[in-house]
Amino acid sequence: MSEKQTRKTRLYDRAQKISLLNPENPRRTGSNRHSIFAVITDGMTVDEFLAAVSEFKGGTKDLQILEESGHVQVEPMAAAPEGMAMAS
């Protein structure tokens, strides 16, 4: 993978798992967003999602939109160990 494909995303950690809450595709048939939603499987990681949607020019913003609309849920990020500050 290139450096761009392996760097940490700003919205999600690549190891976070995605839960499919509503399997009905909410997007217009034939659109890029419809294709992006169609590749999501319950339990896939953010990294797997990004690899699957790269051909549709999809990304974390598409995942964020689906999460905000209640179609998917991304597991919360693990908290940093005590004594370790989060980098900003």
Check your understanding: Only one residue in 31, 19 is at pLDDT below 95 and not charged (D, E, K, R), so which one is that?
Key -> 31
Check your understanding: Across the stretch 12-32, what is the total count of residues that are among the β-branched types (Val, Ile, Thr) and loosely packed, with under 15 Cβ neighbours inside 10 Å?
Key -> 1
Check your understanding: Is it the case that the stretch 68-82 has a residue that's touching a helix residue (DSSP H, G or I) at 6+ places or on another chain (Cβ under 6 Å), surrounded by 13 or more Cβ atoms within 10 Å (Cβ to Cβ) and either at pLDDT 95 or above or aliphatic (A, V, I, L, M) (or both)?
Key -> yes
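The values are calculated or read from the model by the stated rules, or taken from the named source; none is laboratory data. Keep in mind that this is a model prediction, so the values were computed, not measured. Methodologically, a virtual Cβ is constructed for each residue, glycine included, from the backbone with ideal geometry; neighbour enumeration extends over all protein chains shown.
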